[in-house]
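*Asks:* Below: one structure in structure tokens.
What follows draws every value from the coordinates through simple rules; no lab data is involved. All values derive from a computational prediction rather than experimental measurement. Because the Cβ atoms are built from the backbone with ideal geometry, glycine has one as well, and the counts that use them run over all protein chains shown.
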Amino acid sequence: MSSALKEYLREMIHGMYEPILKGSEAPPSIRSAQPSRVGEGVIDESTFQVIEADSLFEALNSANTVVGQSTLYRSIAQPLHSVKLIKAKQEAVQELASNANLREKIEALLEKASTREQDFYRLLFSKFTGFFGSSRGDSEIEGYGYATYKKGTAFMLDLVKDVRALPTPESDYLRVLTDDIKQFGSTKIYSLMQGPVYLTEGGIKSREEKKRFVPAAKFRPTLFKPFFILAVLLIIVALTTYGPMVLGVSFSMTPLFMLFFMPVLLLSYMPAVGTFDRDSCIYPLRKRYKDSEEMHTVLEALGKIDELLSFYHYGKSFGSPTSLPRVIEAKTHILVLREARNPILGKGNPNYVPNDIDLDGQKLTFVTGPNSGGKTALCKTIAQIQLLSQIGCYVPAEDAEVSVADRIFYQVPEISSLEDVEGRFGKELKRTKDMFLVTTPQSLIILDELSEGTTHEEKLETSFHVLNGFSKIGNNTVLVTHNYELAERFKENKLGRHFQMQFVGEAPTHKIVEGISKVSHADRVARKVGFAKEDIERYLKERGFVSG
């Protein structure tokens with residue numbers, strides 16, 4: 001890879017997101033990332049909740065480190081829209097899958113990092129209560145921070161050492177990440193962590209920064225400081241030798257002087273030296289670490305490497321065929337899947353029924369069928385696979401071709417509240433409007449029913465106009481509906497494709513087939529949950545509301 005291409009890729013990688021710890025006053029939180037507002041990112045909060053993104057994260061997550069889990073969660077909340085970057089991540093995942101030696105060494109590195117990562121966060125964010133203080137909660141640590149400082153800096157120093165020992169990756173994305181960590185070893189922050197550190201009149205300096213003849217106190221992260229201990233002992237000797245003479249008492253009192261002054265001076269020594277080191281060295285040093293762009297780059301690189309291993313393990317452990325989708329650029333949204341399974345429900349479930357899905361320039365796709373036939377699961381499968389494709393992960397399909405969606409929207413019937421002046425219908429229609437105004441031909445829109453909360457005739461008319469509007473934009477719109485009249489109206493106008501969930505008798509096969517279903521099977525569902533007509537009559541009789 002040329003240096004210009006490498007710098008371009010590095011800029012893309014670093015421009016993906018703000019670093020997880022940048023500006024933070026607390027250790028990384030796994031679920032701290034939030035989806036964008038409508039129109040500002042690929043998915044919004046409502047879609048994020050509806051497609052069960054938290055459950056998707058749990059299905060994917062095998063990251064060792066906290067920063068790796070945070071990185072994975074952030075990717076799901078804020079998926080990529082750069083084809084080049086997605087492909088670069090895919091190539092890195094493929095290298096981990098094919099290069100067992102590199103993968104095993106990285107896994108060992110990540111496992112080691114996971115056992116020591118918290119030491120670094122304790123150094124950055126804990127309060128050290130001193131010799132006589134007591135800790136209250138995880139954010140406070142007794143003492144002056146010496147042990148925490150040594151363990152925290154050792155985490156970063158060992159990370160650089162371990163990454164330098166890795167074989168050089170061939171994929172550009174993975175090489176940039178490992179190079180970011182290696183290059184940290186050439187920074188001033190690394191020198192400060194490595195030590196020695198000097199406290200000068202001009203501030204804290206590393207060995208390389210300190211000029212030879214500039215007076216300085218050498219910081220050692222320990223209370224045991226030979227020079228100061230020697231000075232204390234000399235003071236004790238002087239006091240016990242000359243104290244009786246100065247006070248005009250007998251030299252036979254010397255042992256009493258020693259018994260008094262020795263513990264007093266020693267007890268004074270520890271808080272004086274410890275407090276000085278904590279406030280003048282440890283706290284200022286960790287502030288420099290927290291403010292360091294290089295440190296943030298290292299943690300981001302570690303998290304992204306850990307995320308790649310999660311993708312590899314997800315694809316390997318799914319239990320059914322998975323593939324890395326061919327991600328393409330297209331003027332209108334495309335998604336074509338062969339033998340696709342739901343990324344959550346299909347994991348570890350060999351009996352999950354796969355489906356072929358073809359959304360290649362269809363604009364409108366209608367999915368009809370009775371309750372409990374699998375319509376919603378199918379549509380969530382579409383949305384979740386689109387999302388997985390845009391974070392560089394394997395998808396549960398034997399083959400997949402996907403274009404990058406600039407928006408992924410999934411709308412479900414809204415529940416109105418007392419504050420909704422226009423009621424359920426108005427609330428839902430406003431959501432549809434917000435989606436419509438930011439939709440482009442590259443968007444994927446999934447609608448689970450439309451125009452709920454009004455009469456059947458008005459629902460039919462409003463839904464027709466809404467769907468006709470999306471059709472003119474040219475994006476992929478999928479409608480899950482029981483409203484077969486609506487589907488038939490578009491079919492008469494030769495618009496859209498029409499699918500239904502297959503049933504054999506009253507039993508669902510969970511397969512999608514062409515056609516429009518006019519059956520609801522509501523009575524079957526009512527019988528299944530024990531609330532059909534005959535059940536209601538029996539309950540009334542049992543409760544004494546109807547005589548025998």
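*Asks:* To test your reading of the geometry: what angle, between 0 and 90 degrees and rounded to tens, separates the Cα axis of helix 533-542 from the longest principal axis of the chain?
*Replies:* Long axis of 533-542 versus the principal axis of the chain: about 70 degrees.
*Asks:* Please express the shape of region 276-415 as an equivalent ellipsoid: the semi-axes are the square roots of 5 times the eigenvalues of the C-alpha gyration tensor, given largest first in whole angstrom. Could the numbers behind the result be given before it?
*Replies:* Numbers: eigenvalues 337, 63, 53 Å².
Rounded to whole Å, the semi-axes are 41, 18, 16.
*Asks:* Here's a follow-up. Where does region 326-395 land on the Kirkwood hydrodynamic radius, alpha-carbon pairs, in angstrom?
*Replies:* Evaluated over region 326-395, this radius sits at 13.2 Å.
*Asks:* Then there is this: Would you kindly calculate the translational diffusion coefficient of the chain, applying Stokes-Einstein with the Kirkwood radius from alpha carbon pairs, for 10 °C and a viscosity of 1.306 mPa s, and quote it in µm² s⁻¹ without decimals?
*Replies:* Working: Rh = 28.1 Å.
The estimated diffusion coefficient comes to 57 µm²/s.
*Asks:* So, one more: Using the structure shown, list the pairs from 304/331; 433/518; 427/459 with a Cα-Cα distance above 25 Å, or answer none.
*Replies:* Details: 304/331 30 Å; 433/518 28 Å; 427/459 14 Å.
In this structure, 304/331; 433/518 lie more than 25 Å apart at Cα.
*Asks:* When N counts the residues of region 321-517, how does its alpha-carbon radius of gyration compare numerically with 2.2 N^0.38 Å, as a ratio? If you can, show how the numbers build up before the last one.
*Replies:* Numbers: Rg = 16.6 Å, N = 197, 2.2 N^0.38 = 16.4 Å.
Normalised Rg, Cα atoms only: 1.01.
*Asks:* Ok, one more. Just to confirm the number: angle between the C-alpha axis of helix 83-98 and the first principal axis of the chain, 0 to 90 degrees, nearest 10?
*Replies:* Between helix and principal axis, roughly 70 degrees.
*Asks:* Let me ask you something else. Would you mind working out the magnitude of the charge dipole of the chain relative to its Cα centre, with +1 at each Lys and Arg C-beta and -1 at each Asp and Glu C-beta, to the nearest 20 Debye? Mind showing how you got there, number by number?
*Replies:* On the way: 67 positive and 68 negative charges, 361 e Å.
That gives a dipole near 1740 debye.
*Asks:* Going by average Cβ density within 10 Å per residue, which order do the peptides 393-403, 31-41 take, highest to lowest?
*Replies:* Working: 393-403: 23.9, 31-41: 14.5.
Result, highest mean Cβ count within 10 Å first: 393-403, 31-41.
*Asks:* Which order, highest average first, do 330-336, 163-169, 406-412, 291-297 follow once you tally other Cβ atoms within 10 Å for each residue and take the mean per peptide? Show your work: numbers first, answer last.
*Replies:* Working: 330-336: 19.3, 163-169: 14.7, 406-412: 22.3, 291-297: 17.0.
Ranked from most to least packed, the peptides come out as 406-412, 330-336, 291-297, 163-169.
*Asks:* With an 8 Å cut-off on Cα pairs and a minimum separation of 6 or more residues, tell me the relative contact order of region 321-517 in percent. All intermediate terms of the calculation are to be shown ahead of the outcome.
*Replies:* Numbers: 400 pairs, mean separation 60.4, N = 197.
Reported relative contact order: 31 percent.
*Asks:* Can you give me the angle between helix 3-14 and the longest principal axis of the chain, using Cα atoms only, in degrees from 0 to 90, rounded to the nearest 10?
*Replies:* With rounding to tens, the tilt is 80 degrees.
*Asks:* How large is the Rg to Rh ratio of region 46-106 when both quantities use alpha carbon positions and Rh follows Kirkwood? Let's see the in-between values first.
*Replies:* Numbers: Rg = 13.6 Å, Rh = 13.3 Å.
For region 46-106, the value is 1.02.
*Asks:* Take every Cα pair under 8 Å in the chain that's 6+ residues apart, average their separations, divide by the length, and report that relative contact order as a whole percent.
*Replies:* For the chain, the relative contact order is 16 percent.
*Asks:* Continuing with the same structure: For the ranges 487-499, 466-478, what's the packing order if you count other beta-carbon atoms within 10 Å of each residue, average per peptide, and put the highest first? Could you put the intermediate results ahead of the total?
*Replies:* Working: 487-499: 16.5, 466-478: 19.5.
For the peptides 487-499, 466-478, the packing ranking is 466-478, 487-499.
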